[in-house]
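The values are calculated or read from the model by the stated rules, or taken from the named source; none is laboratory data. All values reported here derive from a predicted model rather than from experimental measurement. Here the Cβ positions follow ideal geometry from the backbone for every residue, glycine too, while neighbour counts run over all protein chains shown.
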Amino acid sequence: MIFRELGLAIWISFKTSGLAALIASFLAVPAALFLAGREFRGKRAILLVNQTWMAAPTVVIGLLFYSLLGRSGPLGGLGLLYTQTAMTIGQVFLVLPLILGFSYTALRQVDKRARLTALTLGATRRQAGWIVLREARFALLTAVLAGFARAISEIGIAMMLGGNIRHATRNITTSIALETAKGEFRNGVILGVILLVITLGTNILVQSGLRTKDGE
Amino acid sequence: MAGEIYRLEGLHYAYPDSASRFALEIESLLVGGGETLALVGPNGAGKSTLLMILAFLARPYGGRLVFRGGNPWASEAGVVAARREAVLVTHHPYLFKGTVGENLAFGLKLRGVPEADWPKRVGAALDLVELSGRERANVQALSAGQVQRVALARAVVLEPKVLLLDEPTAALDAALGLRIEAVLRELGREAETAVVFSTHDFSQARRLADEVLYLSEGRRVEYGHLNCFSGTASTDGERSWIEPAPGARIVFPGERTGHVTCVIDPASIDVRPADGLSGDAGPNVFAGKITRMDLISPSSALLRVSGDLTFRVTMPMEDVEAKGLSLSKAVLLELRPDSVDAGHD
């Protein structure tokens, strides 16, 4: 029975954090492409805000969304608090600046001639943008995986927005907290090891992505 | 001229948001199908900028640029269509990550060329640049010269109406450079491709181009300022010469006779203080005065030396300073025979 519960917690972690990393990537990568390809007034301020946001504690983001999604909050009517959706929303905002920052750096490192070459060979502006993304594909994948690793290992948002509800929003990190509080250290350690294996696996993927990029 | 390709009228360009005061101004220029135009001039003259404009990668802010009878800048679709007919190979070309074959197929895919035709066209283009069978080679493993050739093949495979080349043989050894020159000549003759290329090598411009545009500080310099002399060449069996002015004789290598045009590379003329000596110092040596000195780059100057003949000479600034050359100074100007290129009109 305990294994079924642990399995469910792992599945919820993968589902909410994977979705969060994916949604954040769809927002962050185009934004990074825009920022990397243009110089404009206010760009430095945007990057500074992003960098600051990157370091925001998860409980602060959890608190912010709790106040928005809570019954008395402006979005309370949506009834999202203590759902997997709320966890995903919070985690999107947690990993968005991380993926944006990593992607921005990756895209800035793409040779400026790549876009020009694509254009002179007949690409439209959109196609040239795709070429720039393709040239940075391994570094971008690294950014997405780093975002996923950050989301799956956080607890503040999962606890505050998910509420640690059994079979509904209980994920790996909230399970560890609960098992430890109950005195079930063995279960806590098992889950901790599983979480470490997942983040280790993600990091290995990130590293191999970087190596491939270097080796190309 | 098989149909007009480019017509430039009163074209102006300046770098946007740049502290540089550089501006390109071309009063008029016509390029026809199958024609080869060389852009020559010192560094910073505007050759690469003009190529970017002709490739529709930089938009002129004034004047008219007519391409095959229309104005591509009128719409985004027009610009993309024009770029697909005028392909630029830059001085330091960029190859996309992957294989040589993938790079060559890139433009074919964009143009909707059926995939079944790719191998044949890619193979033929690689043959032209002497890289046969290298389709599967990773671009990371290529030398600088090979990168240049792959970039050229990547443009040629698209069979564009215009090929724009920024110093196309700069990274190649002499033999391969000549081979690429032959390819460019062939393209102009057989495929009716207009070729516009920049070069520092004046004799290359002379060998390849139907017309030469000399640029200095973003402006077209009159063709006559290139020190071109027409006349009847005489030969004594070893040397050929023409006499462009009474008492003046320009000797050039070879055994050409009859009416020829001599072209002298402004960068290959030696100027030294006259130190009391006057004219008639022998063949290829002319006396004159420096009547104008312009700094054309941080390290070189363009001098006008007027005497019986007027020459324009480019010299490194350190030579100008070392020799104590200044305005109004009496100088002797010497042409090395190997700096004189002569050909029949």
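From A:ALA118, A:ALA21, grab the single residue that is surrounded by 18 or more Cβ atoms within 10 Å (Cβ to Cβ), among the small types (Gly, Ala, Ser) and over 30 Å from A:ALA9 (Cβ atoms). First the steps, then the outcome.
On the way: A:ALA21 fails: over 30 Å from A:ALA9 (Cβ atoms).
Being surrounded by 18 or more Cβ atoms within 10 Å (Cβ to Cβ), among the small types (Gly, Ala, Ser) and over 30 Å from A:ALA9 (Cβ atoms) holds for just one of A:ALA118, A:ALA21, which is A:ALA118.
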Every residue in region A:145-171 that is surrounded by 24 or more Cβ atoms within 10 Å (Cβ to Cβ), under 17 Å from the mean Cα position of the chain (by Cα) and either within 12 Å of chain B (Cβ to nearest Cβ) or not in a loop (DSSP other than H, G, I, E, B) (or both), please. A:GLY147, A:PHE148, A:ALA151, A:ILE152, A:ILE157, A:ALA158, A:LEU161, A:GLY162
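Among the residues of region A:110-144 satisfying the criterion of being hydroxyl-bearing (Ser, Thr, Tyr) and part of a helix (DSSP H, G or I), which is farthest from B:ARG84 (Cα to Cα)?
Pass one, region A:110-144, residues hydroxyl-bearing (Ser, Thr, Tyr): A:117, A:120, A:124, A:142.
Checking the rest, the ones that are also part of a helix (DSSP H, G or I) come to A:117, A:120, A:142.
Values: A:THR117: 12, A:THR120: 7, A:THR142: 34 Å.
The extreme case among them is A:THR142.
Considering only region B:329-345, state which residues are touching a Lys or Arg at 6+ places or on another chain (Cβ under 6 Å) and within 11 Å of B:ILE290 (Cβ to Cβ). Walk me through it before giving the result.
Applying the first criterion (touching a Lys or Arg at 6+ places or on another chain (Cβ under 6 Å)) to region B:329-345 yields B:330, B:332, B:341-342.
Selection gives B:ALA330 alone.
Only one of B:ALA125, B:ALA105, B:ALA171 is within 14 Å of chain A (Cβ to nearest Cβ) and more than 27 Å from A:LEU133 (Cα to Cα). Can you tell me which?
Working: B:ALA105 fails: more than 27 Å from A:LEU133 (Cα to Cα); B:ALA171 fails: within 14 Å of chain A (Cβ to nearest Cβ).
One residue alone meets the criteria, B:ALA125.
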Quick check: is even one residue across region B:70-83 within 21 Å of B:VAL156 (Cα to Cα) and either at the interface with chain A (Cβ under 8 Å from one of its Cβ atoms) or of a type in the set (Asp, Glu) (or both)? yes
Go through region A:133-144 and count every residue that is among the β-branched types (Val, Ile, Thr) and surrounded by fewer than 19 Cβ atoms within 10 Å (Cβ to Cβ). 0
Would region A:176-183 turn up any residue that is away from every other protein chain (no Cβ under 14 Å), more than 30 Å from A:LEU64 (Cβ to Cβ) and either more than 21 Å from the chain's Cα centre (by Cα) or at pLDDT 90 or above (or both)? yes
Return the total of residues in region A:103-138 being touching a Gly at 6+ places or on another chain (Cβ under 8 Å) and either within 11 Å of chain B (Cβ to nearest Cβ) or among the aromatic types (Phe, Trp, Tyr) (or both). 5
Given the conditions (1) within 14 Å of chain B (Cβ to nearest Cβ); (2) among the small types (Gly, Ala, Ser); (3) part of a loop (DSSP other than H, G, I, E, B), report the number of the one that A:SER72 does not fulfil. (1)
Kindly indicate whether B:ASP166 is more than 9 Å from chain A (Cβ to nearest Cβ) and in contact with a strand residue (DSSP E or B) (Cβ under 6 Å, 6 or more places away or on another chain). yes
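From the list B:VAL157, B:VAL196, B:VAL139, which residue is of a type outside the set (Phe, Trp, Tyr), within 14 Å of chain A (Cβ to nearest Cβ) and out of contact with any Asp or Glu (no Cβ under 9 Å at 6 or more places or on another chain)?
Numbers: B:VAL196 fails: out of contact with any Asp or Glu (no Cβ under 9 Å at 6 or more places or on another chain); B:VAL139 fails: out of contact with any Asp or Glu (no Cβ under 9 Å at 6 or more places or on another chain).
Answer to the selection: B:VAL157.
Looking at B:GLY98, B:GLY112, which is the one that is over 17 Å from A:THR117 (Cα atoms) and either of a type in the set (Asp, Glu) or within 14 Å of chain A (Cβ to nearest Cβ) (or both)?
Details: B:GLY98 fails: over 17 Å from A:THR117 (Cα atoms).
None of the others qualify; the one that does is B:GLY112.
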On the basis of being away from every other protein chain (no Cβ under 12 Å) and buried (at least 18 other Cβ atoms within 10 Å of the Cβ), does B:PRO60 make the cut? yes
